[in-house]
Each structure stands twice: as structure tokens, then as C-alpha cells.
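First the structure, in the form of C-alpha cells, and then the observations on it.
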Amino acid sequence: MKYKFLLPALLLCAGWGRAQTTLQVVTKTVQKSVAWKPGYELEITGERADVQVEPSTGNTISVKAELTAKHPNLDTAKYDLQAWKLVVSTVGKKVYIRAYIGLAAKSKVPLSNLKARLTVYVPASCPVNLSNKYGKARLEKLSGAMVLHGEFCQFTLSDLSGAVQVESRHGDIDGRRLSGPVKIQMKWTDMNLSGLGATCDVRSEFGAVRLGATAGAGDVTVHASHSDVTLDLSDPLVHNLQLQSAFGEVVASGNRALDTSGSTPNLQKARLFRSNRSKNIYIQTSFGKITVQ
């Protein structure tokens, strides 16, 4: 992509302004709907896709897919667009939505830049299992359980009241106002969760973790490696804190007075105990910094 943007500038400097390559964009839109009943689950599988899941009215799951191919040659873009497949089906109590690149035997490998944009409308209480590679996923205002898997996929989650499970590699996670229990496993991923309203369990490797624990949050647990962890606490504090960083440090801003007894040069410990009835925040990291603010 850098080459594409730099080339016109270089040619312009040389007096060859007309040599800029123009991409041809070919798009087709597909819309499908299926009936939904309580007890049914939705499974979405995407590839090179931007997926948005929103609540619908009634007992119907519908999807609008915008499938795109980009290439300097118009005929190539038109041919490659045919590689896009969208399948919507119901098997037992599962509704499947799948957008993928499918090639028939002896077909040419697509040369175009292929992209799918899926907008899915589901009943708010419908459980969703979503898997996506090389794209984005946004889910909002839903109450069903969410199970999300991503590789190079950015997740944006807001106003979800059901249980949320996320497994992400190389894809950042941004979550706001999650009032159900949250469980996240991530690698090479940065995460920012604010407005947590229930329990939260995070496992992180090689990323940055930021958590905003409100007074309504339940127990919070973070196990991290090569990850910096930032904890934003409610005021007044309603949790007990137990923090430790191996080969890192623990720092507190403002007037947060932490007990650091028991620390050693290679293991920094800090705690703040309120009462046996308080909820708990436990953070353990290695080769990372824990910041409380």
C-alpha cells in the first residue's frame, strides 16, 4: 500500500502525473433472512470481513452483505468478485452465517483486494458465536451470551449484558458498559474495558491491558506476561486489591496508599485490604508494569 501512495508523488516530481494507477471497485449486495426461535443460536464465520451485529425486532435474523473486489483491471475485479460466497442456513437449533472466499476446481486465485461488510440483525437475547480473520467486529446492545474468536480482528463491544468470552490474537479489544461476566484470553493484543459491571477474568501475553472497574464490578482477575496493566478504580474504592509484578513494578497515582510489604527487587507486591466482605481484584504480571489510578 505504501508503494501505491508514494508512486504518484514520485511520478509527479518527474513530470509523469498521468501515470497514477486507478483501482476499479466492483461490489455486489446480498440480503438474506431466516426465522429465529427462542433457544436458537447464531454462528457467524467471516474472512476479510467487517461484521456488525445489532438487535432486531421480531423473531428474524437478517444479514446484509456488501461484497467487494478491488483491482486496477475491471475485468479482473469482476471475475474475482465471483469468489465471494455467502451462506445463511439453519441446522437444528443453530443459524449459520458464513462469508468466505470459495474457489471451484482449477479456478484462478483471486488477484483483487477482497473485502466483505456484514450487517447482521438478531433478536437481542440470541446467543452469538462469532469467528473472524483479518477484519473488524462490532457488537452492541445485545443480552445473549457472546463467544468471540478473532485473528487480526479488532473487536468493539458496547452495552452487552450477557456473558462475554473473547479469544483474540493480534486484534485489539475495546469494551464499554459490559454488565455480564467477562472472560478474555489474548495474545499480541491491546485491550481497554471500561464500565465493567460483573466478574472479569483476563489472560494476556504481549499486550497492554486497561480495566475500568466500577463499584458494580465483581471479582476481577488478571494473569499477564510481558504486558502492562492499568487499573482505573471507582471512588470510593469497594474492592480489595492484591497486585504483584515479577521483574516489573507496581505504582499508584493520587492518594492510593498501597501496602508494599514483602516486595523484593525481582518481585514487587502491593495490597489494599478493606474487609472480608469486599470484592477482590487480583493482578499478576511478569515483565510488566501495574499502574493503579
The chain: calculated mean residue ellipticity at 222 nm from DSSP helix runs of at least 4, using -39500 (n - 2.57): -2000 deg cm²/dmol
Surrounding net charge for D201, when Lys and Arg each add one and Asp and Glu each subtract one, Cβ distance under 9 Å: +1
Built amide H within the under 5 Å cut-off of C153, gap 5+: Y134, G135, R169, G171
FRET efficiency for R98 and S278, using Cβ-Cβ distance with R0 set to 41 Å, rounded to 0.05: 0.35
Distance-filtered residues of the stretch 30-52 - backbone nitrogen under 17 Å, label point 7 angstrom along V91 Cα→Cβ: 40-46
Integer Hz, Karplus 6.51/-1.76/1.60 couplings in order for the stretch 113-118, x for Gly and Pro: 7, 9, 8, 10, 10, 10
Inter-part distance where the stretch 23-88 and the stretch 265-293 are each reduced to a Cα centre, Å: 45
Entries in K28/K70; K28/K94; K32/K141; K64/K141 that, when Cα-Cα distance is taken, lie over 24 Å: K28/K94
Gain in span if fully extended, S33 to N59, counting 0.36 nm per residue against the direct Cα distance: 8.3 nm
Total formal charge among the other residues, if their Cβ is under 14 angstrom from that of L272, Lys/Arg +1 and Asp/Glu -1: +3
Antiparallel %, DSSP beta bridges [both residues in the chain], to 5: 25
Most to least packed among 260-267, 138-145 [average Cβ atoms within 10 Å]: 138-145, 260-267
Kirkwood hydrodynamic radius of the stretch 21-136, Cα pairs, Å: 14.9
Alpha carbon centroid spacing (whole Å) that separates the stretch 103-121 from the stretch 200-238: 39
Amide H within-cut-off set for T90, under 5 Å, with H built and near neighbours excluded: Y96
Within the stretch 225-243, backbone nitrogen closer than 13 Å to the virtual label 7 Å beyond the Cα of D259 toward Cβ: 240-243
Estimated translational D of the chain in µm²/s (Stokes, Kirkwood radius over Cα pairs; 37 °C; 0.692 mPa s): 152
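Laboratory data are not the source of any read-out in this text; all were calculated from the coordinates shown. Predicted, not measured: the structure shown is a model, and the values here were computed from it. Here the Cβ is made from the backbone with ideal geometry for all residues, glycine too, and neighbour counts use every protein chain on show.
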